[in-house]
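Asker: Okay, handing you the structure first.
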Amino acid sequence: MVIQYKCPNCGTDMAFNAQTGMLHCESCGLDENIENMEQPQEQQKSGNYQDFISQTSHQTYEDDSAAQYQCKNCGAILITDKDTSATTCSFCDAPMILGDRLSGDLRPSKIIPFSITKSQAEEAFHKWRGKGLLLPNSFKKSNRIKSITGMYVPFWLYDLNTYGKVHAECTKIHTYTEGDYDVTETKYFDVYRDVDLYYNKIPVDASEKMDDAMMDKLEPYNYGNLQDFNTPYLSGYLAEKYNYTDEDLFPRVEKRAHQYCMDYTRATMSNYSSVHIHHQNIQIHPENAYYTLLPVWMFCYDYEHAEHNFMMNGQTGKIVGKPPISLQKTLGWFAGISIITFIILKVIMFFVGGVWI
């Protein structure tokens with residue numbers, strides 16, 4: 001089932017507007033409040049389904065590697081891979097939401113809608129690119145963006161109960177002068193901690209296509225904008241369904257929560273000079289896992305016959321990626337820092353020893 005939202009005034013396709021948070025018709029300017037719109041199945045029952053949504057049939061290939069859909073606007077046949085749940089028609093650019101990949105276990109529970117438009121994302125990317133001190137000047141000044149794609153990436157958000165028992169040997173070191181002697185006094189302490197922590201909505205991306213390290217760096221998201229999932233949010237954007245279940249990804253989130261717990265526990269021992277952990281027992285119990293779609297702008301940038309990929313948090317504007325580094329600028333900075341350090345050391349030696357060597 002393909003879902004395409006139509007303007008009730010002029011029949012033009014409507015897309016989600018990140019600035020207003022509403023469905024917008026570019027043709028006549030009409031805005032529709034998403035939260036007040038009925039879900040597709042509810043609209044179908046009420047008899048008003050065709051006012052906002054048109055649907056088409058599709059064909060699935062035997063190996064389930066792709067599926068064939070037909071655009072209601074132009075009649076073109078669109079072939080998608082097995083993970084796509086929202087896209088646009090390759091011929092008329094009409095938004096297409098693949099409802100059969102958003103139902104049952106594949107229906108997301110939550111979503112953070114895009115709050116940064118495509119033009120805002122492009123402007124922010126150019127500003128970020130211009131601030132890189134070690135970036136080549138040609139990279140900073142050129143405008144070689146090949147594509148900007150807005151995608152909802154599948155994540156699992158975990159609520160976890162964490163219990164920990166930690167035993168550490170800690171020291172407090174006190175140094176003082178007594179007569180002609182410098183005295184170092186070290187006290188040893190057996191330190192025990194019992195912690196009971198609750199972690200709310202730890203995100204782990206559930207797409208096999210996305211780079212896990214880059215997805216982690218895009219955090220944090222502001223969960224104050226977390227909404228119950230509604231299909232109109234996807235209109236005009238790409239979206240993918242999850243490849244890994246919450247059970248598949250639990251070892252990843254368990255590892256993160258373990259580190260969070262140990263970091264918190266060590267922070268409670270910050271008043272000691274040294275901390276040596278003798279024993280730790282961390283137990284992590286999942287309470288909830290929410291299938292959630294989070295917004296990401298993806299940039300493909302062409303520079304010196306190579307493609308460089310960058311990603312932007314579609315809510316906060318945070319950008320991650322590996323830009324090219326200028327070797328000349330790097331060597332210049334290193335040389336400059338080395339010279340300054342050398343001069344500072346010479347000045348210190350002069351004032352301490354009275355000799356300029």
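The values are calculated or read from the model by the stated rules, or taken from the named source; none is laboratory data. Quantities reported herein were computed from a predicted structural model and do not represent experimental measurements. Note that we place each Cβ from the backbone using ideal geometry, even for glycine, and neighbour counts take in every protein chain shown. For accessibility, only protein heavy atoms count, side chains too; no ligands or nucleic acids. Shrake-Rupley method; radii C 1.70, N 1.55, O 1.52, S 1.80 Å.
Asker: Can you go through Tyr188, Tyr176 and tell me which one is open to solvent by 80 Å² or more (accessible area, probe 1.4 Å), without any contact (Cβ under 8 Å) to a residue 40 or more places away in the chain and more than 19 Å from Trp297 (Cβ to Cβ)? Don't jump to the end; show me each part of the working.
Answerer: Values: Tyr176 fails: open to solvent by 80 Å² or more (accessible area, probe 1.4 Å).
Going through Tyr188, Tyr176 in turn, the sole match is Tyr188.
Asker: Those residues that are touching a Ser or Thr at 6+ places or on another chain (Cβ under 8 Å) and either hydroxyl-bearing (Ser, Thr, Tyr) or assigned to a loop (DSSP other than H, G, I, E, B) (or both), I need them from the stretch 223-243; list them, please.
Answerer: Of the stretch 223-243, the ones touching a Ser or Thr at 6+ places or on another chain (Cβ under 8 Å) are 225-226, 228-229, 234, 236, 238-243.
Scanning the stretch 223-243 gives Leu226, Phe229, Gly236, Lys241, Tyr242, Asn243.
Asker: Tell me, which residue of the stretch 256-309 that is assigned to a strand (DSSP E or B) and of a type in the set (Phe, Trp, Tyr) is modelled with the lowest pLDDT?
Answerer: In this case the residue turns out to be Tyr303.
Asker: Moving on to the next point. Considering only the stretch 115-131, state which residues are open to solvent by 80 Å² or more (accessible area, probe 1.4 Å) and not in a helix (DSSP H, G or I).
Answerer: If the condition is that a residue be open to solvent by 80 Å² or more (accessible area, probe 1.4 Å) and not in a helix (DSSP H, G or I), then Lys131 is the only one that fits.
Asker: For the stretch 68-87, name all the residues that are open to solvent by less than 50 Å² (accessible area, probe 1.4 Å) and under 17 Å from Ala206 (Cα atoms).
Answerer: Asp83, Thr84, Ser85, Ala86, listed by residue number.
Asker: Do you know which residues across the stretch 7-26 are touching a helix residue (DSSP H, G or I) at 6+ places or on another chain (Cβ under 9 Å), open to solvent by 30 Å² or more (accessible area, probe 1.4 Å) and modelled with pLDDT under 90?
Answerer: Residue satisfying the conditions is Pro8 alone.
Asker: Only one of these conditions is not met by Ser90: (1) assigned to a strand (DSSP E or B); (2) surrounded by fewer than 17 Cβ atoms within 10 Å (Cβ to Cβ). Which number is it?
Answerer: If we test Ser90 against (1) assigned to a strand (DSSP E or B); (2) surrounded by fewer than 17 Cβ atoms within 10 Å (Cβ to Cβ), just (1) comes out false.
Asker: Look through Ile148, Ile202 and report the one residue that is in a strand (DSSP E or B), modelled with pLDDT under 95, surrounded by 15 or more Cβ atoms within 10 Å (Cβ to Cβ) and of a type in the set (A, V, I, L, M).
Answerer: Exactly one residue qualifies, and that residue is Ile148.
Asker: Out of the residues in the stretch 27-42 that are closer than 26 Å to Ile77 by Cα and either modelled with pLDDT under 85 or hydrophobic (A, V, I, L, M, F, W, C) (or both), which is least open to solvent (accessible area, probe 1.4 Å)?
Answerer: Among residues in the stretch 27-42 that are closer than 26 Å to Ile77 by Cα and either modelled with pLDDT under 85 or hydrophobic (A, V, I, L, M, F, W, C) (or both), the one least open to solvent (accessible area, probe 1.4 Å) is Pro40.
Asker: Right, here's the next one. Pick from the stretch 93-106 the residues that are part of a loop (DSSP other than H, G, I, E, B) and out of contact with any helix residue (DSSP H, G or I) (no Cβ under 8 Å at 6 or more places or on another chain): which of them is surrounded by the fewest Cβ atoms within 10 Å (Cβ to Cβ)? Full working, then the answer.
Answerer: Narrowing the stretch 93-106 to residues part of a loop (DSSP other than H, G, I, E, B): 93-94, 102-103.
Restricting the remaining residues to those that are out of contact with any helix residue (DSSP H, G or I) (no Cβ under 8 Å at 6 or more places or on another chain) gives 93-94, 103.
Values: Asp93: 14, Ala94: 25, Ser103: 12.
Of everything passing the filter in the stretch 93-106, Ser103 is surrounded by the fewest Cβ atoms within 10 Å (Cβ to Cβ).
Asker: Exactly one condition in (1) loosely packed, with under 13 Cβ neighbours inside 10 Å; (2) touching a Ser or Thr at 6+ places or on another chain (Cβ under 9 Å); (3) of a type outside the set (Ser, Thr, Tyr); (4) farther than 29 Å from Met22 by Cα is false for Gln280; which is it?
Answerer: Status for Gln280: all satisfied but (1).
Asker: Out of all the residues in the stretch 318-339, is one or more open to solvent by 90 Å² or more (accessible area, probe 1.4 Å), at pLDDT 75 or above and within 30 Å of the chain's Cα centre (by Cα)?
Answerer: So far as the stretch 318-339 goes, yes, one or more of its residues are open to solvent by 90 Å² or more (accessible area, probe 1.4 Å), at pLDDT 75 or above and within 30 Å of the chain's Cα centre (by Cα).
Asker: Next question. Only one of Ser65, Ser57 is at pLDDT below 90, exposed (fewer than 15 other Cβ atoms within 10 Å of the Cβ) and in contact with an Asp or Glu (Cβ under 8 Å, 6 or more places away or on another chain); which?
Answerer: After applying the criteria, what remains is Ser65.
Asker: Assess whether Ala168 counts as being touching a Leu at 6+ places or on another chain (Cβ under 7 Å) and part of a strand (DSSP E or B). It would help to see each step written out before you state the result.
Answerer: Values: touching a Leu at 6+ places or on another chain (Cβ under 7 Å): no; part of a strand (DSSP E or B): yes.
When the stated conditions are applied, Ala168 does not pass them.
Asker: Let me ask another. In the stretch 205-219, what residues are among the charged types (D, E, K, R) and part of a loop (DSSP other than H, G, I, E, B)?
Answerer: Scanning the stretch 205-219 gives Glu208, Lys209, Asp211, Glu219.
So that you can scan it fast, the table gives a plain yes or no per residue for (1) among the aromatic types (Phe, Trp, Tyr); (2) out of contact with any Ser or Thr (no Cβ under 7 Å at 6 or more places or on another chain):
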residue	(1), (2)
Pro154	no, no
Leu157	no, no
His167	no, yes
His174	no, yes
Gly179	no, yes
Thr184	no, no
Tyr188	yes, no
Asp194	no, yes
Leu197	no, no
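Asker: Return only the number of the condition from (1) surrounded by 13 or more Cβ atoms within 10 Å (Cβ to Cβ); (2) among the small types (Gly, Ala, Ser); (3) closer than 30 Å to Glu240 by Cβ that Ala168 does not satisfy.
Answerer: Condition not satisfied by Ala168: (3).
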